[in-house]
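Below is one structure; the comments refer to it alone.
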Amino acid sequence: MMALATRIGAGLRSTLVDVGAAARLFGSLLARSPKALARFVLVREQVFYLGNRSLSIIGVSGLFVGFVLALQGYYTLQRYGSAEAVGLLVALSLVRELGPVVAALLFAGRAGTSLTAEIGLMKAGEQLTAMEMMAVDPVQRVLAPRFWGGFIAMPLLAAVFSAVGIIGGWLVAVPLIGIDAGAFWSQMQGGVDVFADVGNGVIKSLVFGVTVTFVALLQGYTCSPTPEGVSAATTRTVVLASLAVLALDFMLTALMFSI
Amino acid sequence: MQSSRYDAWVGFFVLIGGAALLFLALKAGNLLSLNFDETYQVSARFDNIGGLKARAAVKSAGVVVGRVESISFDDKTFQAKVVLNLHKATLFPKDSSAKILTAGLLGEQYIGLEPGAEEKNLASGDVIRQTQSAVVLENLIGQFINSKASDMGSAAPASGSKP
């Protein structure tokens, strides 16, 4: 009984220590951001590594998600004689949910892991310590540009995902199934609100961009500097970032679309 | 300004992302049709608004001339008070009437405005006097059953008194 209480207490205390360390890292990241953003060339390089390099996987996944949404939506909607609403279904589900969420999950797998591994290896190779020795702040020089790179890249990737998905849905619905193109677009335009749906989707993707990038940076920065430590940290990045994105998505949806 | 060899590619990426956002806003969300026209507000009281919602269309002759701004309950008259935003460009006579109609069999509900004949036009803050409530399916069924029952009731004694 005593041992159980001790275990719970120790677990809670170490969790609190971790949360505190994460919050402090986040705070110092934000505090050093103005100086990091002043050297914007570093951020631009990170946008290239995180954004451009993820473009192909985001584009292809978006296309196939759009295909599948249109096909599945069509089979259900035509039972009720409203097959034209498939455009609305594809657009709303992509813009509100699937665009930001699936893009964030792919971003965690494609870009988050590489961030964690890169920073973890820098730590294992004592490069971060060497930087500190030379009075270069690793948070400002290494972490902050990556953070802002992810922050900029994520909403753009989510928008690309949704747009390509809608084009994919159009490809299946109009040329393949033969739904009237005018009805497809007009139903979509009648039901999608620019601010309530598209705007909230963009807000979601911004939140997910911060979440995924910060989880990846934190795991890399706090991993134990061994090969096993780096590999465990990379795994933790994917698991934690995905869970955080899904949980946050539920909360954001409940806040945004509750009426 | 430092430059790097990735600048062009990053520029491309940002342009593609911007184009995707623009596509979502214009093609899917139809931003261009958003009306930033000036409007004037009139209100109307209905006995029953059925499933009418805020932001529903106000149509006259099938053309959208405004939107429902808000719906509230008036506890003096026990009626629903509906505030309408009508476009400044469309003016209606003071004695116009408002009905709550349904688009299609199961479609969304909207307000239909029928122009009256008076010289003066509705101005901001006016109240539309003549209104017709939404058709509630349960009430219709209730009426139908009542009329059937009274038919049966009058028919039964007639047949019973025959022999």
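Go through the stretch A:212-229 and report how many residues are surrounded by fewer than 23 Cβ atoms within 10 Å (Cβ to Cβ) and more than 16 Å from A:Pro138 (Cβ to Cβ).
5
Among the candidates A:Ala36, A:Ala70, which residue alone is over 25 Å from A:Leu105 (Cα atoms) and assigned to a helix (DSSP H, G or I)?
Every option except A:Ala36 fails the conditions.
Let me spell it out: the conditions are (1) touching a Phe, Trp or Tyr at 6+ places or on another chain (Cβ under 9 Å); (2) touching a residue at least 60 places away in the same chain (Cβ under 8 Å), and A:Phe257 meets all of them except one. Which number is the exception?
(1)
Go through the residues of the stretch A:140-147 one by one and say whether even a single one is among the basic types (Lys, Arg) and touching a helix residue (DSSP H, G or I) at 6+ places or on another chain (Cβ under 9 Å).
Yes; the residues of the stretch A:140-147 include at least one that is among the basic types (Lys, Arg) and touching a helix residue (DSSP H, G or I) at 6+ places or on another chain (Cβ under 9 Å).
Is it the case, given these coordinates, that B:Gly66 is surrounded by 15 or more Cβ atoms within 10 Å (Cβ to Cβ) and touching a Pro at 6+ places or on another chain (Cβ under 6 Å)?
So B:Gly66 does not fit the description; no.
What number of residues in the stretch A:1-50 are more than 14 Å from chain B (Cβ to nearest Cβ) and of a type in the set (Asp, Glu)?
Summing the residues that are more than 14 Å from chain B (Cβ to nearest Cβ) and of a type in the set (Asp, Glu) in the stretch A:1-50 gives 1.
For the stretch A:98-117, how many residues are within 14 Å of another protein chain (Cβ to nearest Cβ) and farther than 30 Å from A:Gln127 by Cβ?
Looking only at that region, the number is 4.
Check off (1) of a type in the set (A, V, I, L, M); (2) at pLDDT below 90; (3) surrounded by 22 or more Cβ atoms within 10 Å (Cβ to Cβ) for A:Ala159 and give me the number that stays unchecked.
It fails just one condition, (2).
Look through the stretch B:8-22, keep the residues that are more than 7 Å from chain A (Cβ to nearest Cβ) and not aromatic (Phe, Trp, Tyr), and return whichever of them is farthest from A:Ile166 (Cα to Cα).
B:Ala8
Just to be sure, is B:Ser72 loosely packed, with under 15 Cβ neighbours inside 10 Å, under 19 Å from the mean Cα position of the chain (by Cα) and at pLDDT 85 or above?
Considered against the rule, which asks whether it is loosely packed, with under 15 Cβ neighbours inside 10 Å, under 19 Å from the mean Cα position of the chain (by Cα) and at pLDDT 85 or above, B:Ser72 comes out as yes.
Restricting to the stretch B:52-68, name every residue that is closer than 14 Å to B:Ala103 by Cβ and without any contact (Cβ under 8 Å) to a residue 24 or more places away in the chain.
Across the stretch B:52-68, the qualifying residues are B:Gly62, B:Val63, B:Val64.
Okay, residues lined up against (1) at positive phi; (2) in contact (Cβ under 8 Å) with a residue 60 or more places away in the chain; (3) in contact with a Ser or Thr (Cβ under 9 Å, 6 or more places away or on another chain); (4) hydroxyl-bearing (Ser, Thr, Tyr):
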{"position": "A:Arg146", "(1), (2), (3), (4)": "no, yes, yes, no"}
{"position": "A:Leu156", "(1), (2), (3), (4)": "no, yes, yes, no"}
{"position": "A:Gly168", "(1), (2), (3), (4)": "no, yes, no, no"}
{"position": "A:Gly178", "(1), (2), (3), (4)": "yes, no, no, no"}
{"position": "A:Lys204", "(1), (2), (3), (4)": "no, yes, yes, no"}
{"position": "A:Phe208", "(1), (2), (3), (4)": "no, yes, no, no"}
{"position": "A:Thr237", "(1), (2), (3), (4)": "no, yes, yes, yes"}
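Listed here are the residues, each with its yes/no results for (1) on the phi > 0 side of the Ramachandran plot; (2) surrounded by 15 or more Cβ atoms within 10 Å (Cβ to Cβ); (3) within 13 Å of chain B (Cβ to nearest Cβ).
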| residue | (1), (2), (3) |
| --- | --- |
| A:Ser56 | no, no, yes |
| A:Val65 | no, yes, no |
| A:Ser82 | no, yes, yes |
| A:Val86 | no, yes, no |
| A:Leu89 | no, yes, yes |
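Only residues that are crowded, with 17+ Cβ neighbours inside 10 Å and more than 17 Å from A:Gly112 (Cα to Cα): list them for the stretch A:30-43, please.
Scanning the stretch A:30-43 gives A:Arg32, A:Ser33, A:Ala36, A:Leu42.
Quick check, is B:Val82 over 12 Å from B:Thr131 (Cβ atoms), under 12 Å from the mean Cα position of the chain (by Cα), surrounded by 14 or more Cβ atoms within 10 Å (Cβ to Cβ) and not polar (S, T, N, Q)?
Against the criterion (over 12 Å from B:Thr131 (Cβ atoms), under 12 Å from the mean Cα position of the chain (by Cα), surrounded by 14 or more Cβ atoms within 10 Å (Cβ to Cβ) and not polar (S, T, N, Q)), B:Val82 does not qualify.
Check whether at least one residue in the stretch A:82-103 is β-branched (Val, Ile, Thr) and without any contact (Cβ under 8 Å) to a residue 12 or more places away in the chain, and report yes or no.
no
Go through the residues of the stretch A:126-145 one by one and say whether even a single one is within 14 Å of chain B (Cβ to nearest Cβ), surrounded by fewer than 24 Cβ atoms within 10 Å (Cβ to Cβ), in contact with a Leu (Cβ under 7 Å, 6 or more places away or on another chain) and under 17 Å from A:Leu37 (Cβ atoms).
yes
Of all residues in the stretch A:180-198, how many are free of Cβ contacts under 8 Å to residues at least 12 places away in the same chain and of a type in the set (Val, Ile, Thr)?
1
Filter the stretch A:131-184 down to the residues that are outside any helix (DSSP H, G or I) and β-branched (Val, Ile, Thr), then identify the one that is nearest to the chain's Cα centre (by Cα).
My answer is A:Val136.
So in the stretch A:177-209, with the set limited to residues that are surrounded by fewer than 17 Cβ atoms within 10 Å (Cβ to Cβ) and touching a Phe, Trp or Tyr at 6+ places or on another chain (Cβ under 9 Å), which one is nearest to the other protein chains (Cβ to nearest Cβ)?
By that ranking, first place goes to A:Ala196.
The values are calculated or read from the model by the stated rules, or taken from the named source; none is laboratory data. Predicted model only: the values in this text are computed from it and were never measured. Because the Cβ atoms are built from the backbone with ideal geometry, glycine has one as well, and the counts that use them run over all protein chains shown.
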